[in-house]
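Q: One structure, as structure tokens, below. Some questions next.
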Amino acid sequence: MVESNALSFTNQLVQGRFFVVFSTIIILSFIGTSYIFGLYSNDIKSTLGYDQTTLNLISFFKDFGAYVSVHVGLLGEVSPPWVVLCLGALVNFVGYFLIWLSVTHKIARPPVWQMCLFICIGANSMGFANTGGLVPCVKNFPENRGVVIGLLKGYIGLGGAIMAQLYHALYGSNSQAEGIILLIAWLPALASLVFSFTVRVLKVVDRQVKRERNFFNHTLYLGLFLAAFILVILLVEKKVEFSKGGYGASFGVIMFLLVLPIFLVYREELYIWKSKLESNNESNPIPEIKIVSQPDLPESKNQDIIKPLNNNNTRDQISSPWYRNVFSPPSSGEDHTILQATFSIDMIILYLATVCGIGGNLTTIDNLGQIGASLGYSKKSVGTFVSLVSIWQYLGRVLGGFISESLLTKYKLPRPLCLTFILLLSCIGHLLIAFDAPYGLYIASVILGFCFGAEWTYLFTIISELFGLKYYATLYNYGSLAAPLGSYIFNVKVAGHLYDREGVRQLEALGLTRKVGQELVCTGVKCYQLAYIIIAGCTFFAGIVSFILVARTRKFYKGDIYKKFQDNGETELPSVIDKS
């Protein structure tokens, strides 16, 4: 009997909704590799002899792969999460392993277009992880979606700092970047494969929203403690030279803190399991089953039911072309079709704000290595900037979700208002870089990391609230499409072009000319000053545009946006075995 109960509880634990959250945390903690491009970008540039425009073009295709994942969303609509996650693991390994082979010269030096293709393939794994992991969690906890999105997206941001610490633990602090490229090829793929079969969409009949919120609050506290520990480690590293063993010990503590939420999962699933046992013990024996035929409805009622199908309006709706409904979407909060959401004014506003706002922040993250080098910072300091961005990304994502959810619940403040504030705040970070203020890059890393994380949380939560959850797997990925466009404009055409122009001017001032295949280096504040003044102006414009969405959705957020989830009960408690 004891063994039977233990087996029953183990099945309940591994196949429950809360374990889905834990599995997704682990997967996403190792998938945020596109945010640590600054750790190895200089090595790609020097090893393969690229100028800054070429490196930024590769960086653009990294962002393109990471955020253009509509095809993954469509796959998620027709296949279970484990299929999506397993394909993502394959994509991740193939893309980054090919980059490692190129940088280590184990294959012939590839043309630029092939390097762009390699990194695009590898970075596309993020879309698979989000669709296969985060989307099921949102559907499992629809009334806490803002908290869920913020918490889980936070671990993507924190994953960059975790991977950086693991890299130092394995290879030391001054090793070449080939090691981290190989690491991000196999580790995220392994995490996705191990946990893929525990992620699923489940439905429950007795949803306890307050208890769920407590679980997410406690998970947040553990995550904040993890972020604080990594931040302390970074500060200590500035004063003390860590040995390889010291990095290993610190990473061991990081991993312990990362898996601590499993105890919260155990507590919640044990509560559910005991509740089910008590319910079964108190229930009566199974009664005799009687088959009762359903009496025919009276003729008048039959006619009442059939009659509406015969009127002209219904015939018109049934026979009307599909494209008529595209521009006649339902009200905010109702389930939109993919095309209705795509062509809605609200989505267009979000898209424009994302191009101008998130595109500028992506440019900073991708160019941290070159910005730090041009301003005279050491390689170790650049690593600190990358980790700071990752930590504050985490805080922006989780605190953005929790704070906006609290403001919405208590004061009915529209969530787009939080997006407007964050976009305007990020302008300060861009200007600090533009004018090289004292400790400006440290402060900018904090501000822009926090803002970048919060922007993603608000974007994906607003999409789920305005357009419904029916096609959320696809709409989630559609919302990301604007990011690579913004990255291309600001990263390649603005920052990369102006950096190279200043670098060529500095060479000419020394009476030198650049040889073919030689790395182009620029030093001084002029390298990025004009670029970041332009980015700051465009981000301010994004904030003004997003305020239009605040005005459009103010009435919607004044109501109860979760009412339909409270009125419509779910089907049943999760079965022990999910046949999908």
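Q: Does TYR442 count as under 21 Å from ILE365 (Cβ atoms), of a type in the set (Phe, Trp, Tyr) and surrounded by fewer than 21 Cβ atoms within 10 Å (Cβ to Cβ)?
A: Yes, satisfied.
Q: Filter the stretch 223-253 for residues that are farther than 27 Å from PHE402 by Cα, free of Cβ contacts under 8 Å to residues at least 60 places away in the same chain and either among the small types (Gly, Ala, Ser) or in contact with a Lys or Arg (Cβ under 7 Å, 6 or more places away or on another chain) (or both) and give the result.
A: The answer is SER243, GLY245, GLY246, ALA249, GLY252.
Q: Now for a separate question. Which residue pairs have Cβ atoms closer than 6 Å, lie 6 or more positions apart in sequence or on different chains, and pair a first residue in the stretch 141-162 that is within 8 Å of VAL398 (Cα to Cα) with a second residue that is of a type in the set (D, E, K, R) and buried (at least 24 other Cβ atoms within 10 Å of the Cβ)?
A: Cβ pairs passing all conditions: GLY150/ARG397; LYS153/ARG397; GLY154/ARG397.
Q: So which residues in the stretch 386-402 are modelled with pLDDT of 85 or more and closer than 22 Å to ILE254 by Cβ, if there are any at all?
A: Matches in the stretch 386-402: LEU388, VAL389, ILE391, TRP392, GLN393, TYR394, LEU395, GLY396, ARG397, VAL398, LEU399.
Q: Just checking, does the stretch 356-372 include any residue being in contact with a Leu (Cβ under 6 Å, 6 or more places away or on another chain), crowded, with 23+ Cβ neighbours inside 10 Å and not polar (S, T, N, Q)?
A: There is at least one residue in the stretch 356-372 that is in contact with a Leu (Cβ under 6 Å, 6 or more places away or on another chain), crowded, with 23+ Cβ neighbours inside 10 Å and not polar (S, T, N, Q).
Q: Give me a count of the residues in the stretch 494-538 that are in a helix (DSSP H, G or I), of a type in the set (Val, Ile, Thr) and either in contact with an Asp or Glu (Cβ under 8 Å, 6 or more places away or on another chain) or over 28 Å from SER426 (Cβ atoms) (or both).
A: So the answer is 2.
Q: Which of the residues that make up the stretch 463-472 are of a type outside the set (D, E, K, R) and at pLDDT 85 or above?
A: ILE463, SER464, LEU466, PHE467, GLY468, TYR471, TYR472
Q: Within the stretch 423-442, is there a residue that is touching a Lys or Arg at 6+ places or on another chain (Cβ under 9 Å), in a helix (DSSP H, G or I) and on the phi < 0 side of the Ramachandran plot?
A: So far as the stretch 423-442 goes, no, none of its residues is touching a Lys or Arg at 6+ places or on another chain (Cβ under 9 Å), in a helix (DSSP H, G or I) and on the phi < 0 side of the Ramachandran plot.
Q: Then there's this: Testing ARG207 on (1) surrounded by fewer than 17 Cβ atoms within 10 Å (Cβ to Cβ); (2) modelled with pLDDT under 90; (3) of a type outside the set (Phe, Trp, Tyr), one condition comes back false. Which one is that?
A: (1)
Q: With LYS412, LYS379 as the choices, which residue is of a type outside the set (A, V, I, L, M), in contact with a helix residue (DSSP H, G or I) (Cβ under 9 Å, 6 or more places away or on another chain), at positive phi and modelled with pLDDT under 90?
A: That would be LYS412, the only listed residue that is of a type outside the set (A, V, I, L, M), in contact with a helix residue (DSSP H, G or I) (Cβ under 9 Å, 6 or more places away or on another chain), at positive phi and modelled with pLDDT under 90.
Q: Please enumerate the residues belonging to the stretch 29-39 that are part of a helix (DSSP H, G or I) and under 24 Å from ASN367 (Cβ atoms).
A: GLY32, THR33, SER34, TYR35, ILE36, PHE37, GLY38, LEU39
Q: Whether any residue in the stretch 157-169 is farther than 21 Å from LYS244 by Cα and under 19 Å from the mean Cα position of the chain (by Cα) is what I want to check.
A: yes
Q: Which residue, of GLY160, GLY223, is touching a Ser or Thr at 6+ places or on another chain (Cβ under 7 Å) and not hydrophobic (A, V, I, L, M, F, W, C)?
A: GLY160
Q: Only one residue in GLU455, GLU405 is charged (D, E, K, R), over 22 Å from SER41 (Cα atoms), part of a helix (DSSP H, G or I) and at pLDDT 90 or above, so which one is that?
A: Step by step, each of GLU455, GLU405 is checked, and only GLU455 is charged (D, E, K, R), over 22 Å from SER41 (Cα atoms), part of a helix (DSSP H, G or I) and at pLDDT 90 or above.
Q: Still on this model: What residue, among those in the stretch 42-57 that are surrounded by 24 or more Cβ atoms within 10 Å (Cβ to Cβ) and closer than 28 Å to LEU87 by Cα, is nearest to the chain's Cα centre (by Cα)?
A: Checking each candidate, the answer is ASN56.
Q: For GLY245, are the conditions met, namely being of a type outside the set (A, V, I, L, M) and buried (at least 18 other Cβ atoms within 10 Å of the Cβ)?
A: It is false that GLY245 is of a type outside the set (A, V, I, L, M) and buried (at least 18 other Cβ atoms within 10 Å of the Cβ).
Q: Hey, does the stretch 418-432 have a residue that's buried (at least 24 other Cβ atoms within 10 Å of the Cβ) and more than 18 Å from ILE535 (Cα to Cα)?
A: yes
Q: Right, something else. For the stretch 9-41: of the residues being farther than 18 Å from GLN393 by Cα and polar (S, T, N, Q), which is surrounded by the most Cβ atoms within 10 Å (Cβ to Cβ)?
A: SER23
Q: Which residues, counting only those in the stretch 65-113, are of a type in the set (A, V, I, L, M), part of a loop (DSSP other than H, G, I, E, B) and touching a residue at least 12 places away in the same chain (Cβ under 8 Å)?
A: VAL68
Q: Looking only at the stretch 353-390, how many residues end up being more than 16 Å from the chain's Cα centre (by Cα), closer than 26 Å to LEU152 by Cβ and aliphatic (A, V, I, L, M)?
A: Within the stretch 353-390, residues that are more than 16 Å from the chain's Cα centre (by Cα), closer than 26 Å to LEU152 by Cβ and aliphatic (A, V, I, L, M) number 5.
The values are calculated or read from the model by the stated rules, or taken from the named source; none is laboratory data. Bear in mind the structure is a predicted one, so any value in this text is a computation, not a measurement. A quick note on method: Cβ atoms are made from the backbone with ideal geometry, for glycine too, and the neighbour counts reach across all protein chains shown.
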